[in-house]
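The values are calculated or read from the model by the stated rules, or taken from the named source; none is laboratory data. Please read all numbers here as calculations on a predicted model, not as lab measurements. Note that each Cβ is placed from the backbone with ideal geometry, even for glycine, and that neighbours are counted across all protein chains shown. Accessible surface areas use protein heavy atoms only, side chains included; no ligands, DNA or RNA. Shrake-Rupley method; radii C 1.70, N 1.55, O 1.52, S 1.80 Å.
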Amino acid sequence: ATAAVGMQPVSGPPLPADVADEDRTIDEEQSPNIAANPVVKGMDGDLSTSIADECSDDSKPGPTKTAAPTQRAMIGFAAQYFAVGLIYGGIPATVYGVFLGYLNVPAYVYATVSVISSLPWSFKFIFGLINDTVPICGLRRKPYMVIGWAFCAVVLFWLSCTPLPPPYWCIDDMTGEYIKKIELPGGHHKSAEPCHPESAQAGGKYAILLMLAALGYVVADVAADGLTTEYAKAEPMEKRGTTQTTAYMMRTIGQAAATVFIAFFMNGKEYNGSFDWGLRFEQVAFCLGIPASLMVPISVMLVVEPKRSLQNAAERVTIRRYFAMCWDLLQSKAFFYVFLYSFLTSVIGGITTTAGPQVKINWAGVENFENQLFSLFGSVLFAFGLWLVKKRFLHTSWHKLLAVTIVFLQVVDCFFTSFTIFNVFRNPFFYLGEAVLTEIPLAANFVVSTFVIVEMADDGNEGLVYGLLTTSANLGYPFARALGNQIYRLFQPSLSYAGNYIEDEPSFRRTVFYSFVLSYGFALLSLSTLYFLPRQKLEAQEWKRTWHKRPAFAVITVAMLGVAFAYSMVVNFMSMFPATMCLEFAGGDGCE
């Protein structure tokens with residue numbers, strides 16, 4: 001339950017993981033190099049035009065302005081975000097019950113699963129680059145929506161045909177609940193022997209399939225973000241912003257619907273729930289695959305975007321030109337400082353104890369139903385926190401706001417967690433109350449991170465700045481998870497073995513507490529990165545105006561991201577496979 005700090009993952013997830021996803025890809029509004037004379041095709045005409053028809057129709061250049069989308073086009077557009085919300089809310093919601101309840105994977109593996117399954121969100125910048133530089137038949141959005149949703153649907157249906165192994169724990173024939181502990185004389189108890197211990201090593205395959213499903217809908221989401229900007233530009237000034245509001249409202253509704261669906265229909269006792277009935281994981285994957293597959297014909301029939309002329313090469317943004325823009329931006333000292341803040345905050349503050357999931361399920365007794373509903377309530381409070389910052393703290397020093405919120409998060413988390421660890425008061429609602437209380441300061445923490453992005457951007461490179469900074473922050477979390485797995489492996493008895501929590505020895509409680517204290521220490525240490533963050537908008541603008549550019553800044557940035565990416569991918573993926581997950585380098589206790 002250690003509170004996250006710094007820029008939130010666009011995984012992410014996640015945030016409310018996901019306010020950070022609302023970045024836009026580079027398009028006409030964001031780059032002066034992109035075609036200035038769009039050719040409109042079908043905005044007010046036949047909306048059932050297929051992609052094949054688009055390819056067969058010759059583009060004729062002309063200075064036509066983008067027309068406002070029709071009602072049917074808006075239906076297809078809104079459906080994109082509702083479906084994204086469904087899958088984005090549904091996939092992470094299954095992780096707690098399946099990996100921790102059913103498979104009982106080690107705690108460090110569970111922590112890595114959450115990172116792996118949301119990994120594609122870290123590459124929205126790359127997907128946006130492909131959208132903008134590699135049009136298909138003159139279209140930069142619609143084909144990628146079709147490709148993304150088709151891929152997502154195939155993976156989810158594949159997952160629905162991939163049955164889980166038997167559950168880790170034995171099942172009581174009378175109650176249908178897992179037999180996790182055996183009562184001993186004197187009120188003591190010990191961990192029961194599992195019926196299928198090999199199941200704890202089987203989670204990697206399912207985590208990778210969830211990651212591939214996320215890859216599909218993230219590709220579609222990036223394309224939808226680009227189309228959002230194009231539609232918004234067609235709005236009259238008095239209604240500007242309606243398109244964006246509609247888009248993210250639909251996504252929020254979809255995410256809420258998925259959370260409620262998982263809470264009620266995947267709350268069987270085998271998934272750490274309380275119902276005697278419920279859908280199996282494979283059936284849930286099939287249910288999520290249905291809207292994903294429906295989005296393929298919806299994208300073809302209803303989604304409409306203006307078709308661009310490809311005849312004038314000078315009007316197109318090529319990959320070479322795109323990377324030239326990136327390199328020029330990375331040479332800025334002001335941007336380099338903000339990059340260091342974004343990346344190092346997520347790395348240092350993201351090194352959290354692996355004990356959190358086991359404390360949650362074994363000591364606090366949080367069931368799947370409670371976990372999902374509190375997640376939903378937390379999202380509402382997070383949105384309220386964003387509104388509160390906008391109304392009350394818009395001009396507050398970013399350093400003060402971040403310092404106060406980070407310290408507050410650690411103090412609140414320590415209170416609830418300590419009561420649970422030392423058995424002063426163990427109750428799922430008490431434990432989850434901490435997560436709800438911290439949503440407002442988390443929102444304040446997040447929104448400041450987005451403010452500085454806006455100030456670093458110039459006219460014409462808004463999406464580029466947003467994409468680079470959110471990608472750098474998001475890549476910090478897998479790196480932090482890899483480091484965290486290796487650091488917290490050193491705590492003994494093992495923080496990842498569920499049996500230690502079931503036996504609940506006083507000495508082990510202290511070990512768990514010390515691991516949380518170390519997590520709080522890393523969170524407070526992340527405050528040192530405020531040195532690289534301007535105090536407010538005026539200082540950010542002064543940095544941009546007066547600080548110089550050097551190629552060395554770009555070289556260091558690329559090198560840091562490259563090393564972090566390679567290292568985190570190796571360590572995190574090693575913890576997914578049975579042959580390597582036991583290695584100390586991957587966070588395990590060593591292979592026999």
³J(HN,Hα) across segment 150-162 via Karplus (A = 6.51, B = -1.76, C = 1.60, θ = phi - 60°), whole Hz, x for Gly/Pro? 4, 5, 4, 5, 4, 5, 5, 5, 4, 4, 5, 9, 10
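Counting Lys +1, Arg +1, Asp -1, Glu -1, what net charge surrounds THR354 among other residues with beta carbon under 15 Å of its beta carbon?
Summing Lys and Arg as +1 and Asp and Glu as -1 gives +1.
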Gyration tensor verdict on segment 304-447 (Cα atoms; rounded if a/c is under 1.5, prolate if a/b is larger than b/c, oblate otherwise): prolate
Using each residue's phi in segment 478-495, evaluate 6.51 cos²θ - 1.76 cosθ + 1.60 at θ = phi - 60° and report the 3J(HN,Hα) Karplus result to the nearest Hz, with x for Gly and Pro. x, 5, 5, 5, 4, 5, x, 4, 6, 5, 7, 5, 6, 6, 10, x, 4, 6
Where a ≥ b ≥ c are the square roots of the eigenvalues of the C-alpha gyration tensor, would you call segment 102-158 rounded, which needs a/c under 1.5, or, failing that, prolate if a/b is larger than b/c, or oblate? oblate
Neighbourhood charge, 11 Å Cβ-Cβ cut-off, centred on SER274 and excluding it, Lys, Arg +1 and Asp, Glu -1: -3
Heavy-atom accessible area per residue of segment 285-407, all protein chains kept, 1.4 Å probe, expressed in Å², is 40
Please list, ordered by chain and number, the residues whose modelled amide H lies under 5 Å from the amide H of HIS189; skip anything fewer than 5 residues away on the same chain. LEU184
The size of the Cβ-based charge dipole (Lys, Arg +1; Asp, Glu -1) of segment 107-199 about the Cα centre, to the nearest 20 debye, is 700
Could you compute how much accessible surface CYS326 exposes when probed at 1.4 Å, giving the result in Å² to the nearest 10? 10
Pull up all non-local amide H partners of LYS181: gap of 5 or more, or a different chain, and H-to-H distance under 5 Å with H placed in the peptide plane. ALA192
Excluding ligands and nucleic acids, what accessible area in Å² is computed for HIS548 using a 1.4 Å probe, to the nearest 10? 80
Within a Cβ distance under 14 Å of LEU164, other residues only, what is the Lys/Arg minus Asp/Glu net charge? -1
Please state the relative contact order of segment 248-406 as a whole percent: Cα pairs under 8 Å, 6+ residues apart? 34
Quick one: grab the alpha carbon gyration tensor of segment 436-592, order the square roots of its eigenvalues as a ≥ b ≥ c, and give me rounded if a/c is under 1.5, else prolate or oblate depending on whether a/b is larger than b/c. prolate
Normalising by the residue count of segment 78-207, find the relative contact order in percent from Cα pairs under 8 Å and 6+ residues apart. 27
Links exceeding 24 Å between C-alpha atoms in this model, out of LYS124/LYS537; LYS333/LYS391; LYS142/LYS390; LYS391/LYS544; LYS391/LYS537, come to LYS124/LYS537; LYS333/LYS391; LYS142/LYS390; LYS391/LYS544
Residue-by-residue Karplus 3J(HN,Hα) for segment 115-127, coefficients 6.51, -1.76, 1.60, Hz, glycine and proline x: 6, 5, 5, 10, 4, x, 4, 6, 10, 4, 4, 5, 5
Ranking by accessible area, most exposed first, for GLU177, GLU230, GLU270 with a 1.4 Å probe: GLU177, GLU270, GLU230
